[in-house]
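Undergrad: Structure in structure tokens, see below.
The values are calculated or read from the model by the stated rules, or taken from the named source; none is laboratory data. Small disclaimer: the values here were computed from a predicted structure and weren't measured. Counting neighbours? That spans all protein chains shown, and the Cβs are built from the backbone with ideal geometry, glycine included.
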Amino acid sequence: MNGFFNILKPPGLSSAAVVGAVKRLTGEKRVGHAGTLDPEAAGVLPVMVGRATRLFDYLVDKEKSYVAECAFGTATDTEDAQGTVIAEGSHYPALAECARAAARLTGDILQRPSVYSAIKQGGKPLYDRARRGEDVEAPLRPVHIERITLLEERPNHGLLLRVDCGRGTYIRSLCRDLGELTGCPAHMRFLLRTRSGAFTLAEAHTLEELAQACDEGRPERLLIPPEAPLGHLPAVRVKPGFVRLAASGTAPEKHNLTESLPASLPEGGAVRVFGGDVFLGIAARSGDGLRWQAVLPPEE
């Protein structure tokens, strides 16, 4: 199998555990995930299978969407509901205050992630050093938050948010910052990722659904073709009669094997290469031609 499974990760399961489950269910050894979700978070987790693991660098994972509940009144050391309370307050903000704070956190901002994040410092994840009691602080990092939408108030001083953002954004740190800007300690009570690039919640499948498909001997019915999430890249086609040569690894432009390159393609820009309707892989512009980046020749 070669392609992607759009897995609906349940809370309480790590992203690595999901990969392990897919390996066991499908029998495929080459499996990886694109975009880690914290164990307590739920939602869209793209899982690459077979030769599709070569396509990780070409996925659009900069566009992500989340639904989160920000809980005002307490802050925790991990910035989520699993941590230890480190601050309390009772100045619960009105919606108007939250809206003003959200506006200040929209756009290109600098964000300081939690020390209980997987960011590495000195070659070790911050959460390892924090749990050992070391005095650590995560560095400020530039992130882009496209939009924060206030959805509804929830019981126990909660506020449901929808966040559209770029890669590397920590939603629990965003909840912490909302608390600081409104003068009331806050943490993230719940997180659901509804979109990761081309993968959406509406099209995601549970591990139970994958298990059923495997029991039926038809896991491929849930498999997304390797080229499907790559529609943001321009396409070129190998000329008839040269597909086998190109699929063997010969540079696509050699001996004029392909149609003309898009005029706007920059140096190093990637394209999808097809032989007819068959996806052959990813190539990048090199001078006036192309160089293979990931060859996925057809099975036959």
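Undergrad: Within region 227-246, which residues are more than 12 Å from residue 261 (Cα to Cα) and not in a loop (DSSP other than H, G, I, E, B)? Give the steps one after another, and end with the answer.
TA: Filtering region 227-246 for residues more than 12 Å from residue 261 (Cα to Cα) gives 227-233, 239-246.
Within region 227-246, 228, 229, 230, 243, 244, 245, 246 meet the criteria.
Undergrad: Restricting to region 129-144, what's the tally of residues that are more than 30 Å from residue 103 (Cβ to Cβ) and either not basic (Lys, Arg) or not in a loop (DSSP other than H, G, I, E, B) (or both)?
TA: The first filter runs over region 129-144 and keeps only residues more than 30 Å from residue 103 (Cβ to Cβ), leaving 129-136.
When the remaining residues are screened for being either not basic (Lys, Arg) or not in a loop (DSSP other than H, G, I, E, B) (or both), the result is 129-131, 133-136.
Here the count works out to 7.
Undergrad: Specify the residue that is surrounded by the most Cβ atoms within 10 Å (Cβ to Cβ); the eligible residues are those in region 139-150 that are out of contact with any helix residue (DSSP H, G or I) (no Cβ under 8 Å at 6 or more places or on another chain) and not acidic (Asp, Glu). Please lay out each step first, then the result.
TA: Our first condition is that a residue be out of contact with any helix residue (DSSP H, G or I) (no Cβ under 8 Å at 6 or more places or on another chain); within region 139-150, this holds for 139-144, 146-147, 149.
Checking which are not acidic (Asp, Glu) leaves us with 139-144, 147, 149.
Values: 139: 10, 140: 11, 141: 15, 142: 10, 143: 20, 144: 17, 147: 12, 149: 13.
Among those residues, the one meeting the criterion is 143.
Undergrad: Residues that are of a type in the set (A, V, I, L, M, F, W, C), at pLDDT 95 or above and within 30 Å of residue 205 (Cβ to Cβ): find the strands (runs of 3 or more DSSP E) completely inside region 16-125 holding 1 or more of those. Give the derivation first.
TA: Details: elements: 31-33, 42-49, 64-72, 74-76, 85-88, 107-111.
Where strands (runs of 3 or more DSSP E) fall fully within region 16-125 and carry at least 1 residues being of a type in the set (A, V, I, L, M, F, W, C), at pLDDT 95 or above and within 30 Å of residue 205 (Cβ to Cβ), they are 31-33, 42-49, 64-72.
Undergrad: Related question: Pairs needed: first member in region 109-138, surrounded by 12 or more Cβ atoms within 10 Å (Cβ to Cβ); second member anywhere, acidic (Asp, Glu) and part of a loop (DSSP other than H, G, I, E, B); C-beta distance under 6 Å; at least 6 residues apart or different chains.
TA: Short answer, once both residue conditions are applied: 114/79.
Undergrad: Answer with yes or no whether residue 166 is within 17 Å of the chain's Cα centre (by Cα) and either surrounded by 15 or more Cβ atoms within 10 Å (Cβ to Cβ) or on the phi > 0 side of the Ramachandran plot (or both). Outline the logic, then answer.
TA: On the way: within 17 Å of the chain's Cα centre (by Cα): yes; either surrounded by 15 or more Cβ atoms within 10 Å (Cβ to Cβ) or on the phi > 0 side of the Ramachandran plot (or both): yes.
So residue 166 fits the description; yes.
Undergrad: Would you check if residue 23 is surrounded by 14 or more Cβ atoms within 10 Å (Cβ to Cβ) and without any contact (Cβ under 8 Å) to a residue 12 or more places away in the chain?
TA: On the way: surrounded by 14 or more Cβ atoms within 10 Å (Cβ to Cβ): yes; without any contact (Cβ under 8 Å) to a residue 12 or more places away in the chain: yes.
In short, yes.
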